[in-house]
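First comes the structure, then the notes that go with it.
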Amino acid sequence: MNLLDGKVTAAAYKEKIAKEVSELKASGNRAPHLAAVLVGENPASVAYVNGKVKDCDEVGFKSTLIRLPEDISQEDLLSKVEELNNDEGLDGFIVQLPLPKHIDEKTVTLAIDPKKDVDGFHPENVGRMALNLPTYLPATPHGILMMLEHYNIETSGKHCVVIGRSNIVGSPMSILMARNANPGNATVTLTHSRTADLKAECLRADIIIAAIGKANFLTADMVKPGAVVIDVGINRVEDASRKRGYRLTGDVDFEGVSEKASWLTPVPGGVGLMTRVALLQNTLQAARG
Ligand code: NDP
């Protein structure tokens, strides 16, 4: 089994992005500028947003972190979004999800100017993705494509099984793998909790992309020898030996599947790092206009 290493791949892409930022600055442009809106104190969201700010620093982007209180009204949050839409010094911004329950995420997503929607969640950008038009691709599927590209993994003509149909991972991933593009041109089966015989579907797959949210769900008996396996899952599993009381694990039983797969992503150190790089790539694209 070969490792699809998120650390190595992310570093390679960051180096390229940093070089492009230097070139932009050298030709008199300002640095790309990303803002992140964080509502409340959800520890996972705080960690994600801090990571995004750190990534911006590393490649020479400007970043602005906007922290808003948990009890902010939807109206006030929408005013903030409007302000960011109109801020000419800003290339793109994200509103970190999930939002507190009293705020409707769809309304907020719809309020973001599609030109600044570097998360690629606005329906206009989702539609452009489906039509294979230039757009911001959603970060996790985009990061997976970047990883496949980095390792020259052939996808054309392959049978790809995506497990999970969420709006942010599984569904866009299935569209992107089926597009007439490279990576892409795969024959795709999108599976979910109502799929009749998931094991039989997986055993036919040359490429499996698991985005389920259940620790160690995909086991070796579900994988064809030589398959490429991408593990999107990030699950907390209790672990008393760790200081924080848990460890992170993917949706794939890494040990078992590593005996069967030709390529496999680790968790942590795989798709999560690529998701972060994809956001940088989208922001660079926004800055270029
Ligand atoms: P969602 O909970 O939104 O979607 C999970 C999907 O898995 C659903 O479509 C669900 O089917 C399907 N599913 C659940 N149980 C089964 C089953 N037994 N058999 C087949 N399909 C099943 O999750 P997300 O897509 O948001 O995230 C998935 C995982 O990826 C999570 O662990 C999350 O933390 C992680 N993640 C990682 C990212 C990264 O950067 N690495 C980024 C985003 C997410 P149904 O629709 O029928 O309910």
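The values are calculated or read from the model by the stated rules, or taken from the named source; none is laboratory data. Predicted, not measured: the structure shown is a model, and the values here were computed from it. Glycine gets a Cβ as well: all are built from the backbone with ideal geometry, and neighbour counts include every protein chain shown.
Here R194 clears all of (1) over 30 Å from F93 (Cα atoms); (2) touching a residue at least 12 places away in the same chain (Cβ under 8 Å); (3) within 11 Å of the ligand (Cβ to nearest atom) except the condition numbered (2).
Within the stretch 61-92, being assigned to a strand (DSSP E or B) and either within 15 Å of T109 (Cα to Cα) or among the aliphatic types (A, V, I, L, M) (or both) holds for L65, I66, L68, G92.
The number of residues in the stretch 179-191 being within 15 Å of the ligand (Cβ to nearest atom) and either under 10 Å from I163 (Cβ atoms) or surrounded by fewer than 18 Cβ atoms within 10 Å (Cβ to Cβ) (or both) comes to 3. Within the set L97, L131, L137, the sole residue that is surrounded by fewer than 20 Cβ atoms within 10 Å (Cβ to Cβ) and within 15 Å of the chain's Cα centre (by Cα) turns out to be L97. Residue pairs whose Cβ atoms lie under 8 Å apart, sitting 6 or more positions apart in sequence or on different chains, and linking a residue in the stretch 44-57 that is assigned by TED's automatic domain parsing to the domain that holds V95 to a partner that is assigned to a helix (DSSP H, G or I) and not β-branched (V, I, T), are G51/R276; K52/R276; K52/L279; D55/K14; D55/R276; D55/L279; D55/L280; C56/L280.
Checked across the stretch 242-260, the condition of being touching a residue at least 40 places away in the same chain (Cβ under 8 Å) and within 10 Å of the ligand (Cβ to nearest atom) holds for at least one residue.
Quick check on the stretch 227-241: of everything there that is of a type in the set (D, E, K, R) and touching a residue at least 12 places away in the same chain (Cβ under 8 Å), which residue is surrounded by the fewest Cβ atoms within 10 Å (Cβ to Cβ)? The qualifying residue surrounded by the fewest Cβ atoms within 10 Å (Cβ to Cβ) is R236. Each residue in the stretch 228-262 was checked for being among the charged types (D, E, K, R), assigned to a loop (DSSP other than H, G, I, E, B) and closer than 14 Å to I212 by Cα, and 2 pass. Can we say Q281 is assigned to a helix (DSSP H, G or I), surrounded by fewer than 19 Cβ atoms within 10 Å (Cβ to Cβ) and more than 11 Å from the ligand (Cβ to nearest atom)? No. Considering (1) under 22 Å from T9 (Cβ atoms); (2) more than 20 Å from the chain's Cα centre (by Cα); (3) within 9 Å of the ligand (Cβ to nearest atom), the lone condition that S156 does not fulfil carries the number (3).
For every residue, the table says whether it meets (1) over 11 Å from the mean Cα position of the chain (by Cα); (2) part of a helix (DSSP H, G or I); (3) within 16 Å of the ligand (Cβ to nearest atom); (4) hydrophobic (A, V, I, L, M, F, W, C).
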position	(1), (2), (3), (4)
K106	yes, yes, yes, no
T109	yes, yes, yes, no
D119	no, no, yes, no
M146	no, yes, yes, yes
V161	yes, no, yes, yes
S174	yes, yes, yes, no
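Taking the stretch 96-119, which residues are under 23 Å from R30 (Cβ atoms) and of a type outside the set (D, E)? Hits for the stretch 96-119 are I112, P114, K115, K116, V118.
Can you confirm whether M146 is within 18 Å of L264 (Cα to Cα) and modelled with pLDDT of 95 or more? The answer is yes for M146.
Taken together, K62, K54, K80 contain a single residue that is more than 14 Å from L34 (Cα to Cα) and modelled with pLDDT of 95 or more, which is K80.
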